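Values quoted throughout were computed directly from the atomic coordinates according to the rules given, and no laboratory measurement underlies them. If you're wondering where the values come from, they're calculated on a predicted model, not measured in any experiment. Positions of Cβ are backbone-derived with ideal geometry, glycine not excepted, and every protein chain shown enters the neighbour counts.
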Amino acid sequence: MAEEFRIVLFGPPGAGKGTQAQLLAEQLGIPHISSGDLFRHHLRAETPLGLRAADYMRQGLLVPDDLTIDIILERVMAINSEEGFMLDGFPRNRHQAEVLDDALERRSRALDKVVCIDVPEGELLRRLAGRFSCRECQAPHSIPQDASAEVADASPFPQCDHCGGELYQREDDRPEAIRKRIEVYQAETLPVLGYYRDRRILAEVPGTDSVEGVNQKVLTVLGR
Ligand SMILES: [Zn+2]
């Protein structure tokens, strides 16, 4: 019988969490449940949950915790009890973590491991500050450099590999916006990590290695 894994994956913006999640889902044969993708699916398909979420968003309000929980749990609980899953982007706070535990426990299930990919803030800034987009075709480009606003504003602008268009840095890829995103991540995530550390299922994996190197380390903490 195949081993089942029920995992939550954490990682700050720029840590390569999305890439690792895709790799792991394939290697472990488990569905990758991204809260962002799930939200977009419900909004697009105008499901009852999606319509409720859209209502709050139209009013410029945050989607309440309970609605987020309903959206995630509906997906998680639809998974056969012998199968595993990997959550990404949920839980975002201690209450969500507790509700997830309770829901799994009611079906005699539990999370196996919570994996956090750690990358020092300086390294995240350096990686993210190198993200540029093409004004013409929107293609993303990676230009390694120091995280400085001056470089981002430097001219002449580098050109797109695909269409020769001008490359620029999107607002949310600018150093100030990146710092803000990292701050939000830390404020949200640290208490949740503490919760899982207390439960002794947290594994912190350094994310400064290559994609393959980080993947190996994650598989090792999962006992693979
Ligand atoms: Zn282009």
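Listing for the model above:
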| read-out | value |
| --- | --- |
| Calculated SAXS-style log₁₀ I(q)/I(0) at q = 0.13, 0.14, 0.15 Å⁻¹ - the chain, Debye, Cα scatterers | -0.88, -1.00, -1.12 |
| Gain in span if fully extended, Val63 to Gln186, counting 0.36 nm per residue against the direct Cα distance | 42.3 nm |
| Spin-label model distance (nm) - Arg107 vs Arg200, 7 Å beyond Cα toward Cβ | 2.6 |
| Cα-based Rg / Dmax (Å) for segment 1-85 | 14.7, 49 |
| Reachable lysines, given that their alpha-carbon falls under 19 Å from the alpha-carbon of Lys113 and they are not under 8 places away in the same chain | Lys17, Lys217 |
| Overall Cα dimensions of segment 56-126 - principal axes, largest extent first, Å | 43, 36, 18 |
| Amide H partners (placed H, <5 Å) of Asp118, local residues excluded | Val205, Gly207 |
| For segment 54-110 versus segment 17-44, the gap between their alpha-carbon centres in whole angstrom | 14 |
